[in-house]
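Structure record follows, encoded as structure tokens.
Every number here is computed from the coordinates shown, using simple stated rules; none is lab data. Everything numeric here is computed off the predicted structure, so don't read it as measured data. Virtual Cβ from ideal backbone geometry, glycine too; neighbours counted across all protein chains shown.
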Amino acid sequence: MTADILVTADGWLRCRGLAFPCVLGRSGMVADKREGDGGTPIGAFPLRRVLYRPDRGEAPRTGLPVAAIAPDDGWCDDPAHADYNCPVKLPHPASCERMWRDDGVYDVVVVLGHNDDPPRPGLGSAIFMHVARPDGSPTEGCVALASDDLKSLLEICQTGTILRFVQP
């Protein structure tokens, strides 16, 4: 049985009796997601896979597909490029987010099925669930949790798990 994850605009993530504080985008939840708006998109999105930095820890225990990231991994955020909202290798000719980050927020990343089947230019890219910054500052549109909370949540996730961003 899959475990749906509920994320509310008041900054809580709930799943199967677990409840964790979480951080959303700097613009809060938005119904009409656009590239660069800082909003976390309202809707239901499947968990696609987990990426992690192998130099900073072991692969998370989860029922989702897991892959290690490398220093040359990126994610294209340029709506005008054919690779928009897709993983890429760096250097890349278009604007891309670096996945191998110094700040630790992408030490564990869950790729969400937002605007990916197929990606439509300008409707948002790189919407992930990832590790929160120590100061709890907002994301660019993702949902972020404390590292231990994220790893605990991943233990009950599997293929078919859906993350729902909803207004309370």
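Some points to look at:
- Candidates Ser27, Ser95 - the one that is among the hydroxyl-bearing types (Ser, Thr, Tyr), in contact with a Gly (Cβ under 6 Å, 6 or more places away or on another chain) and either under 20 Å from Gln167 (Cα atoms) or touching a residue at least 12 places away in the same chain (Cβ under 8 Å) (or both): Ser27
- Positions within the stretch 147-168 being of a type in the set (A, V, I, L, M, F, W, C) and either part of a loop (DSSP other than H, G, I, E, B) or in contact with a Phe, Trp or Tyr (Cβ under 9 Å, 6 or more places away or on another chain) (or both), in sequence order: Leu150, Leu153, Ile156, Cys157, Ile162, Leu163, Phe165
- Criterion applied to Val88, Val50 was being over 26 Å from Asp4 (Cα atoms), part of a strand (DSSP E or B) and of a type in the set (Val, Ile, Thr), and the one residue passing it is Val88.
- Single match in Ala44, Ala80 (criterion: of a type outside the set (Asp, Glu), assigned to a loop (DSSP other than H, G, I, E, B) and over 21 Å from Tyr106 (Cβ atoms)): Ala80
- Test: Val105 is in a loop (DSSP other than H, G, I, E, B) and aliphatic (A, V, I, L, M): yes
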